[in-house]
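K.L.:
There's a structure below that I have some questions on.
The values are calculated or read from the model by the stated rules, or taken from the named source; none is laboratory data. As the structure is a prediction and not an experimental result, all values here were calculated from the model. Cβ sites come from the backbone with ideal geometry, for glycine too, and all protein chains shown count toward neighbours. Just the protein is used for accessible areas: all its heavy atoms, side chains included, with ligands, DNA and RNA removed. Shrake-Rupley method; radii C 1.70, N 1.55, O 1.52, S 1.80 Å.
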Amino acid sequence: MNDFLISVLLGVVEGLTEFLPVSSTGHLRIVEALFNLNLHDSFWKMYTIVIQLGAILALPVYFWNRILKFLATYPRGERGDRNLLTHPLGLTIVAFIVTAIPAWLLTKVIGKNLESLWVISLALLIGGVVMWIVDATFTRPRVTHMEEMNLPQAIWIGACQILSAVFPGTSRSMSTIAAGQVVGLSRPAALEFSFFLSMPTMAVATLYDLYKTLKPSRETIGEGNIAPLAVDHHQWIVLAIGFVVSFIVALAVVAWFMRWVRTKGFAPFAIYRIVLGIVLIILLMRGSI
């Protein structure tokens with residue numbers, strides 16, 4: 001397949017799946033297997049990082065008004081009843097820290113062994129079942145806005161997000177949304193906090209991956225890193241296409257998803273995960289992928 005078409009395809013897949021609770025990592029891995037690509041090749045490894053950055057950029061663009069509002073009211077909040085930790089920005093940072101340290105320690109040890117289609121298919125299936133049960137069970141939220149969240153809720157959501165770092169296919173969005181619903185957040189509140197938490201989480205994780213890729217240590221040399229890499233004109237165009245496509249698609253998905261959850265639940269995404277997980281397991285058992 002032409003590199004430009006591959007770039008558009010992967011950009012669309014990344015933009016569609018990064019913020020929906022269906023696992024972008026799992027879908028990129030599936031596309032890689034179906035089209036016989038090698039996303040661990042030096043250039044394409046950098047490409048996947050670039051399209052993630054494109055998707056991340058969609059969040060501050062979409063939420064710029066909310067971000068400015070939070071910055072203006074930090075740390076006391078609109079009603080003057082918040083502090084450094086309990087303001088929405090403080091809660092976001094706390095949840096990020098709760099995720100970041102253990103996730104970093106765990107992925108250094110076992111992360112390399114988990115990006116298999118078997119792990120992804122099982123994570124999709126199990127995560128779909130959990131999400132469906134949670135969405136059907138926790139239907140009486142106590143918290144309808146991010147501004148009403150408390151510190152224990154943020155810590156719990158941050159802890160649950162670790163699952164997505166350790167088990168590809170779990171989905172960071174699924175983990176944080178379901179975790180939020182369990183502790184009393186409404187669907188829109190859980191989704192919005194998931195989006196805000198993903199900004200520092202994804203930015204730091206992606207930039208760290210980019211740093212490791214461009215500046216490999218002695219231990220990682222020969223493992224698909226790309227330093228030093230001479231990117232030619234053709235490759236710059238491929239990177240640009242993927243970045244722009246991922247950003248545009250992700251921005252549209254975020255806007256649509258925020259409207260969707262105000263009137264509908266997450267059950268369709270849970271069903272999709274379950275079906276996809278089962279199909280993958282069947283294909284793997286038959287040796288088709």
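K.L.:
Could you let me know the centre-to-centre spacing of the range 255-289 and the range 232-252, using Cα atoms, in angstrom?
P.N.:
26
K.L.:
Residue by residue through the range 131-142, which ³J(HN,Hα) values in whole Hz follow from phi under the Karplus form 6.51 cos²θ - 1.76 cosθ + 1.60 (θ = phi - 60°), with glycine and proline marked x?
P.N.:
For the range 131-142, the Karplus-derived couplings read 5, 4, 4, 4, 5, 7, 8, 9, 10, 10, x, 9 Hz, x marking Gly and Pro.
K.L.:
Less than 19 Å apart at the alpha-carbon level, and either on another chain or at least 8 residues along: which aspartates and glutamates does that give for Lys212?
P.N.:
Of all the aspartates and glutamates, those that pass the test against Lys212 - Cα under 19 Å, at least 8 places apart if same chain - are Asp41, Glu115, Glu223.
K.L.:
Per residue of the range 245-257, what does 6.51 cos²θ - 1.76 cosθ + 1.60 with θ = phi - 60° give for ³J(HN,Hα)? Whole Hz please, x for Gly and Pro, Karplus curve as stated.
P.N.:
Taking θ as phi minus 60°, the curve returns 4, 4, 4, 5, 5, 4, 4, 5, 5, 4, 4, 5, 5 Hz for the range 245-257.
K.L.:
Let me ask something else. In the full protein assembly as shown, how much of Met174 is accessible to a 1.4 Å probe, in Å² to the nearest 10?
P.N.:
The accessible area comes out at roughly 10 Å².
K.L.:
Taking a ≥ b ≥ c as the square roots of the eigenvalues of the Cα gyration tensor of the range 238-288, is the shape rounded (a/c under 1.5), prolate (a/b larger than b/c) or oblate?
P.N.:
It comes out oblate by the Cα gyration axes.
K.L.:
With unit charges on the beta carbons (Lys and Arg positive, Asp and Glu negative) and the dipole taken about the Cα centre of the range 1-127, which residue among Leu106, Ile93, Ser23 sits farthest to the positive side?
P.N.:
Checked the options; the winner is Ile93.
K.L.:
What GluC sites (Glu not before Pro) does the range 1-109 have in DSSP loop regions with at most 14 other beta carbons within 10 Å?
P.N.:
Here the sparse-neighbourhood loop sites are Glu78.
K.L.:
Considering only protein heavy atoms, what per residue accessible area in square angstrom results for the chain with a 1.4 angstrom probe?
P.N.:
48
K.L.:
Let me ask you something else. Would you please classify the overall shape of the range 71-169 from the alpha carbon gyration tensor, given that a ≥ b ≥ c denote the square roots of the eigenvalues, rounded means a/c under 1.5, and beyond that prolate means a/b larger than b/c while oblate covers the rest?
P.N.:
Judged from the Cα gyration tensor, the range 71-169 comes out oblate (a/c at least 1.5, b/c at or above a/b).
K.L.:
With a 1.4 Å probe and all protein chains kept in place, how much accessible area does His40 have, in Å² rounded to the nearest 10?
P.N.:
Looks like 100 Å² after rounding.
K.L.:
For Thr137, tell me the accessible area in Å² from a 1.4 Å probe, rounded to the nearest 10.
P.N.:
We get 80 Å² for Thr137.
K.L.:
Here's another thing I want to ask about it. Assign one of three labels to the range 1-151, namely rounded, prolate or oblate, based on the Cα gyration tensor with a ≥ b ≥ c the square roots of its eigenvalues; rounded applies when a/c is under 1.5, prolate when it is not and a/b is larger than b/c, and oblate otherwise.
P.N.:
It is prolate, given that a/c is not under 1.5 and a/b is the larger ratio.
K.L.:
Here are several values of semi-axes √(5λ) of the Cα gyration tensor in Å: (1) 31, 23, 18; (2) 28, 24, 19; (3) 38, 24, 17. Which one was derived from the coordinates shown?
P.N.:
Of the listed options (1) 31, 23, 18; (2) 28, 24, 19; (3) 38, 24, 17, (1) comes from this structure.
K.L.:
Now a separate question. Given the Cα-Cα distance of Leu106 and His40 and 0.36 nm per residue of separation, how much length would full extension add, in nm?
P.N.:
21.7 nm
K.L.:
Estimate the FRET efficiency between Arg76 and Tyr208 by the formula 1/(1 + (r/R0)^6), using the beta-carbon distance for r and 35 Å for R0, to the nearest 0.05.
P.N.:
With R0 = 35 Å, the Cβ-Cβ based efficiency is 0.60.
K.L.:
Now for a separate question. Can you give the angle from 0 to 90° between the axis of helix 267-286 and the longest principal axis of the chain, with both taken from C-alpha atoms, to the nearest 10?
P.N.:
It is inclined by approximately 30 degrees.
K.L.:
Would you mind telling me the share, in percent, of accessible area of the chain contributed by carbon and sulfur at probe 1.4 angstrom?
P.N.:
Carbon-and-sulfur percentage of accessible area, whole number: 69.
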